[in-house]
Amino acid sequence: MASGRAYSPEVKAAALAAIVAGETVSAVARQFNIDRATVIRWRDASGVTRAPVPHEKQESLADAVYGLVVDNVAALRAVASTALDPNWRRAQPAGELATFAGVLSDKTFRILAAIEAGQTNLEPDAAPGLDRGLPDPGR
């Protein structure tokens, strides 16, 4: 955990969301591989407090997050399917095609890593509504 490391707004938002959801600063720091002092600084600067989502809202929140993930994966799939067109590939400069392939590979591996982490770290009732797994690709 190097000091002075730049983090994307998405990582910062996810870390703060985890705190709002009731995670401790130490757990968030470990989960996102961020220095504990950085998480504390973000928390204090944002005014975020540790306030777990009420139980009655957890399932609707889980459904909303699940829907967002499904939509995002479908969008990524549509973008990735563009690369299946040989005419499109031939029209791309080599450097841009290499960048596209690298980003696509990186995102795919990140999704797979997140799925694996979710399957091994979640207790059955830890995230109501998120135990549905991935949608059937045949649908």
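What the table shows:
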read-out	value
Sites residue 37 and residue 8 - FRET efficiency at Förster radius 25 Å, r taken between beta-carbons, to 0.05	0.85
Relative contact order computed over segment 5-112 (Cα-Cα under 8 Å; 6+ residues apart), in percent	20 percent
Full-stretch length increase - residue 113, residue 60 - with 0.36 nm per residue and alpha-carbon distance subtracted	16.6 nm
Residues residue 21 and residue 79, FRET efficiency given R0 of 30 Å [Cβ-Cβ distance, rounded to 0.05]	0.50
Alpha-carbon centroids, segment 90-105 and segment 18-45: separation in whole Å	35 Å
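Every number in this text was worked out from the coordinates using simple rules, so none of it is lab data. Keep in mind that what you see is a predicted model, and the values were worked out from it rather than measured. With ideal geometry, Cβ positions are generated from the backbone for all residues, glycine too; neighbour counts draw on all protein chains shown.
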